[in-house]
Amino acid sequence: MKCSVYIATSADGYIATTEGDVNWLHTAGNSEADMSDNLDMGFNEFVASVDCMIMGRKCMDAISSFNLTPEQWPYGDMKVYVLSHSINEPPENLRGQVEMYSGDISKLISHLETEGYKHAYIDGGTTITAFINLQLINEMIITKAPIILGGGIALFGKINSNIKLINSEAIAFPNDFVQVKYGVNYL
């Protein structure tokens, strides 16, 4: 199964403030820029390329805090698993949208493969780090917001060994965000 990351960070590599806030994503960059050619910076195209999603509990908590209507739910009818060892039920506003999972990640991937899934979207810093340490991530699309937070929740935690990023492609958007796509080569 192909596992891909699509995530935004500050220019200094943080995915959220220390408190878990991501509102800076909406204020960073040139708000006057003409983004009509790529308003979502490739997100919808990426989501259309995956058939399931695996996110961490903190990521789920952040999404839950947005109180999205069913029409605003960005993942359509995609199967979404949330990894958590601390809770068994999702928040009320995400029931029916996500399924909780507390087992072994490799077993989850095997289960998804036997169910016919081919391409998973992996989201959340701790989850991404766990997948990298299991050598399960195949590509990463990281969008850097033009803001320096100076601290917060880092995209990557402790990585067990060096990872070589290959086949890079970069896009600079009119709003001053820069997106880099990498293949992942485990050394």
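Values as computed for the structure displayed
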item: Every residue from the range 99-124 that is part of a loop (DSSP other than H, G, I, E, B) and either more than 14 Å from the chain's Cα centre (by Cα) or aromatic (Phe, Trp, Tyr) (or both); result: SER102, GLY103, ASP104, GLU115, GLY116, TYR117, LYS118
item: Residues of the range 158-168 classified as free of Cβ contacts under 8 Å to residues at least 24 places away in the same chain and either among the small types (Gly, Ala, Ser) or open to solvent by 60 Å² or more (accessible area, probe 1.4 Å) (or both), total; result: 3
item: Top-ranked residue of the range 38-80 - restricted to ones that are in contact (Cβ under 8 Å) with a residue 24 or more places away in the chain and acidic (Asp, Glu), ranked as nearest to MET1 (Cα to Cα); result: ASP51
item: Unmet requirement for GLN179, which otherwise passes all of (1) of a type in the set (S, T, N, Q); (2) open to solvent by less than 60 Å² (accessible area, probe 1.4 Å); (3) free of Cβ contacts under 8 Å to residues at least 24 places away in the same chain; result: (3)
item: Residue match in the range 81-104 (condition: in contact with a Cys (Cβ under 6 Å, 6 or more places away or on another chain), hydroxyl-bearing (Ser, Thr, Tyr) and modelled with pLDDT of 95 or more); result: no
item: Residue match in the range 108-121 (condition: closer than 23 Å to SER64 by Cα, touching a helix residue (DSSP H, G or I) at 6+ places or on another chain (Cβ under 7 Å) and of a type outside the set (Phe, Trp, Tyr)); result: yes
item: Residue satisfying all of: in the range 126-157; farther than 20 Å from MET1 by Cα and of a type in the set (Gly, Ala, Ser); least open to solvent (accessible area, probe 1.4 Å) among these; result: ALA145
item: LYS118, sole failed condition from (1) among the charged types (D, E, K, R); (2) farther than 20 Å from LYS2 by Cα; (3) open to solvent by 80 Å² or more (accessible area, probe 1.4 Å); result: (2)
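The values are calculated or read from the model by the stated rules, or taken from the named source; none is laboratory data. Since the model is a prediction, treat every value here as computed from it, not as a measurement. Don't worry about glycine lacking a Cβ; one is built from the backbone with ideal geometry, like all the others, and counts go over all protein chains shown. Heavy atoms of the whole protein, side chains included, go into the accessibility calculation; ligands, DNA and RNA do not. Shrake-Rupley method; radii C 1.70, N 1.55, O 1.52, S 1.80 Å.
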